[in-house]
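Have a look at the structure below before the remarks.
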Amino acid sequence: MEMRKLGRTDVEVSVLCLGTMMYGEQIAQDSAFAQMDACYSRGINFFDTAEMYTIPPKEETQGDSERIVGKWIKERGLRDRIVLASKISGRSAMAWVRDGDWTRLTRAQILKACDDSLARLQTDYIDLYQLHWPDRTVPVFGSDLYGYRHYDDDHVSFEETLSALGDLTRAGKVRHVGLSNETAYGAMRFLDLAEHKDLPRMVSIQNAYNLTNRAFEYGLAEIAMAEQLGLLAYSPIGQGALTGKYLAGQKPPNTRGTLFGRLSRYETPNADDAICAYVNLAREFDLHPASLAMQFVSSRPWVTSNIFGVASLEQLDTIFRSLDIEWTDELNNAVNEIHVRYPTPCP
């Protein structure tokens with residue numbers, strides 16, 4: 001398993017990261033434990049969760065992912081061998097996450113949210129604590145299909161948020177801090193504050209990135225390379241869409257898209273045509289479409305780690321097979337030819 005540096009730190013993380021957002025509903029604890037055992041045995045040392053998970057978010061299961069991951073780490077005695085990442089929710093009306101209040105990135109909420117995550121994770125520290133999405137109102141989660149719209153809102157200041165994270169790092173509750181679903185503007189504001197205000201430096205950015213969503217390359221990739229703000233890419237298989245299983249409106253049983261919906265990001269006007277082209281390309285190269293999609297992400301120089309989730313151990317085999325793919329110029333050119341025809345249909 002290839003290991004890569006986390007930002008400018010000495011922490012090394014596996015190029016594949018196990019995402020655990022389905023733990024707690026679609027994936028029960030016993031199956032989650034089996035997944036984590038299998039991933040750890042294959043060299044994965046990087047696990048990602050969030051206070052909001054499981055997905056889809058709801059009051060009854062909020063925090064269950066952290067509870068399951070924390071219980072596994074404690075029972076296996078692996079805390080010092082796992083790089084554990086979690087996230088605090090940005091601005092939202094999910095009042096049940098915050099005892100009846102909106103989730104915001106204020107100092108008070110950050111300090112309390114971290115303590116709550118530490119309790120669920122049964123640990124004294126989180127290796128990477130990330131802002132799940134901004135406190136600012138910005139287009140996220142595929143909501144910008146019709147172009148950018150500027151919101152002049154009363155967001156919590158960058159300095160208040162980063163200062164609170166600084167309090168957590170000084171207290172030893174958090175080792176490093178990172179971003180998620182952030183823009184180029186937001187990333188540079190946080191980096192500038194860290195440099196001039198003696199505050200913790202963001203070490204990573206967790207944004208969606210895959211064959212049908214290469215928006216990260218337009219601005220953020222340059223920041224990732226120049227500032228060592230490595231991408232922790234989520235949705236490398238497009239919530240399963242890049243396997244081709246949802247093409248032409250198919251709804252296979254017991255899949256996340258069929259059970260919970262929430263596939264609108266991959267149901268845009270050109271999505272099916274683009275996905276079909278990538279699935280056919282994988283077949284031409286005798287590859288599984290999911291393996292092709294995974295290795296495309298893992299092979300990008302601005303990617304620190306590639307976050308995936310699976311519903312079964314059989315799917316896990318497909319993920320690991322992606323590491324055996326030699327990413328040749330021929331394969332890269334073939335991918336880019338499709339990208340030119342269908343540029344980022346699912347941002």
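The values are calculated or read from the model by the stated rules, or taken from the named source; none is laboratory data. This is a predicted model, so every value here is computed, not measured. For neighbour counting, all protein chains shown are included, and Cβ atoms are generated from backbone atoms with ideal geometry for every residue, glycine included.
Of the listed requirements (1) surrounded by fewer than 22 Cβ atoms within 10 Å (Cβ to Cβ); (2) of a type outside the set (K, R); (3) out of contact with any Lys or Arg (no Cβ under 6 Å at 6 or more places or on another chain); (4) not in a loop (DSSP other than H, G, I, E, B), S86 misses just one: (1). For I73, the requirement of being touching a strand residue (DSSP E or B) at 6+ places or on another chain (Cβ under 8 Å) and within 28 Å of T161 (Cβ to Cβ) is met.
Taking the criterion of being of a type in the set (S, T, N, Q), touching a strand residue (DSSP E or B) at 6+ places or on another chain (Cβ under 8 Å) and under 26 Å from L193 (Cα atoms), the residues of segment 118-167 that qualify are Q130, T161.
Beta carbons closer than 8 Å, at least 6 apart along the sequence or on distinct chains, pair a first residue in segment 11-32 that is farther than 22 Å from E51 by Cβ with a second that is acidic (D, E) for S14/E2; V15/E2. In summary, D115 fulfils each of the numbered conditions (1) assigned to a helix (DSSP H, G or I); (2) surrounded by fewer than 18 Cβ atoms within 10 Å (Cβ to Cβ); (3) over 22 Å from the mean Cα position of the chain (by Cα); (4) modelled with pLDDT of 95 or more with the single exception of condition (3).
Results for (1) touching a Cys at 6+ places or on another chain (Cβ under 9 Å); (2) part of a loop (DSSP other than H, G, I, E, B), shown as yes or no for each residue.
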site	(1), (2)
I275	yes, no
A282	no, no
A290	no, no
M294	no, no
V297	no, no
P301	no, yes
N306	yes, no
L316	yes, no
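When segment 281-321 is examined, which residues are found to be in contact (Cβ under 8 Å) with a residue 40 or more places away in the chain and among the basic types (K, R)? Passing the criteria: only R300.
Based on what the data block shows, is I55 of a type in the set (A, V, I, L, M, F, W, C), modelled with pLDDT of 95 or more and surrounded by fewer than 23 Cβ atoms within 10 Å (Cβ to Cβ)? Here the answer is no, as I55 does not meet what is asked.
Name every residue in segment 39-71 that is farther than 17 Å from K112 by Cα and aliphatic (A, V, I, L, M), in order of residue number. I44, I55, I68, V69 - these are the residues of segment 39-71 that are farther than 17 Å from K112 by Cα and aliphatic (A, V, I, L, M).
Here T161 qualifies as in contact with a helix residue (DSSP H, G or I) (Cβ under 9 Å, 6 or more places away or on another chain), over 23 Å from T54 (Cβ atoms) and either outside any helix (DSSP H, G or I) or of a type in the set (S, T, N, Q) (or both).
Within segment 137-178, the set of residues being buried (at least 21 other Cβ atoms within 10 Å of the Cβ), in contact with a Ser or Thr (Cβ under 7 Å, 6 or more places away or on another chain), of a type outside the set (V, I, T) and closer than 24 Å to W102 by Cβ comprises G178 only.
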